[in-house]
Structures are given as C-alpha cells and as structure tokens.
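Worksheet: one structure, shown below.
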Amino acid sequence: MWEDCHDLDCKDSKCVCKTVRRIADAQDAVDEPVDCDISCKQSIQDLVSPATTTNGNDTIPFILYCKGDCKPFWATGVVQAFANNTRSFQCFESPIFRVSKVHKDCCADLELLLPANSNGLCPRKKKKDVCDFIGDASDFQRTGVCVKVDLCDFVAISCLEPVRALPVGDFSPSRLAAADRHDF
C-alpha cells in the first residue's frame, strides 16, 4: 500500500501544486488579456466572487515553504537598471510570488513581487524574514521577473489576501538601488 502511494505523481497527489493551479485559474478568470478568513481557499473565492470583482484585484500573492526545513522559499531576480547613461545589474530577492503559469508537470512560472507603498518600493531588510521584508507595504509591485519552480519541492503554501498588484510597467529597476540605500 505504501509503495502505491509513494509512486503517485506529484501532480496528482500534492496540495501545493493543486492550490497553485487553482490560484492561476482564478487569476486568469479576472486578468485582462496581456497576462480561516485568510487562506488560499478564501483568497481564491474572494478573487472570483461576483460581489468583489469590481474591486480590481488581479493577484493572490503567496509564500511557498521548502521541504525539509519548512522555511519560506526566496527567489533571486536580476534586472538591468539605467542611470546617467550607465547600465548596472540590480539583484533582489523575494519570498512573495504571483503565479504566471502552471505547466502539466507541476512546474510553474512564478513572478517575484516586491513590497511597495505610495512612495514606491519599500526598503527591505537584508534579514531573511518575510514580515521584515514586507514592512509597511500597502501594495505589491509586479516585477516581470519570473522563476520556474517544481511545485513538488514544496510542502506548504500561505496565501495573502487578493490585491491589485501594481503593473509591471510601473516597475523601475533603478528604484531597487534607491530602496536599498534606505535599508533599515
């Protein structure tokens, strides 16, 4: 019996893959063509609920937890920034994601989100703590930077409430350096 369960494909038996696939479907249902009270199930219902579709929410931000240590997964993004006719590469990390696409094999393209407030990107502590990372954010900024992950490598997912993420067009890589200069 154990061997039968052990041989099941991740895509058929794991809740993280199924949940991320449902988030992708819900986001697709409200996305404009281009591309407990707080839980994944509730966030999905809130995003597609007829009573709340006029709020403009288009994203269910979430955190994935790695197998073994059960710590949040942090992905690294690299973007080019231009200032004074000079190009530089800016690195950033995030534990907060927006699903872009879930493939049949339970691999997924996840977009890195960054915390933002009315002044732009929030300063981020270097310490790898999700709550410190989010800080006093009131929004999440889409970055357009994606990583491909195998959803079978995660044991848990924590969904945040649905939001209307700031569009990728508003993302300025040069603001990354400015946010880091004001680091705590």
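The values are calculated or read from the model by the stated rules, or taken from the named source; none is laboratory data. All values derive from a computational prediction rather than experimental measurement. Here the Cβ is made from the backbone with ideal geometry for all residues, glycine too, and neighbour counts use every protein chain on show.
I'm checking my understanding of the structure. Among residues of the stretch 23-44 that are more than 22 Å from Leu151 (Cα to Cα) and at pLDDT 65 or above, which one is surrounded by the fewest Cβ atoms within 10 Å (Cβ to Cβ)? Among those that are more than 22 Å from Leu151 (Cα to Cα) and at pLDDT 65 or above, it is Asp31.
Among residues of the stretch 75-96 that are within 14 Å of Phe140 (Cβ to Cβ), those with a beta-carbon under 9 Å from a residue that is surrounded by fewer than 16 Cβ atoms within 10 Å (Cβ to Cβ) and of a type in the set (Val, Ile, Thr) at least six positions away or on a different chain give the pairs Phe92/Thr76; Phe92/Val78; Ser94/Thr76; Pro95/Val130; Ile96/Val130. Where strands (runs of 3 or more DSSP E) sit wholly within the stretch 89-184, those with at least 2 residues that are under 14 Å from the mean Cα position of the chain (by Cα), among the polar types (S, T, N, Q) and modelled with pLDDT of 90 or more occupy 139-150. Farther than 15 Å from Arg175 by Cα and either among the aromatic types (Phe, Trp, Tyr) or out of contact with any Lys or Arg (no Cβ under 9 Å at 6 or more places or on another chain) (or both): does that describe Asp129? Answer is yes for this residue.
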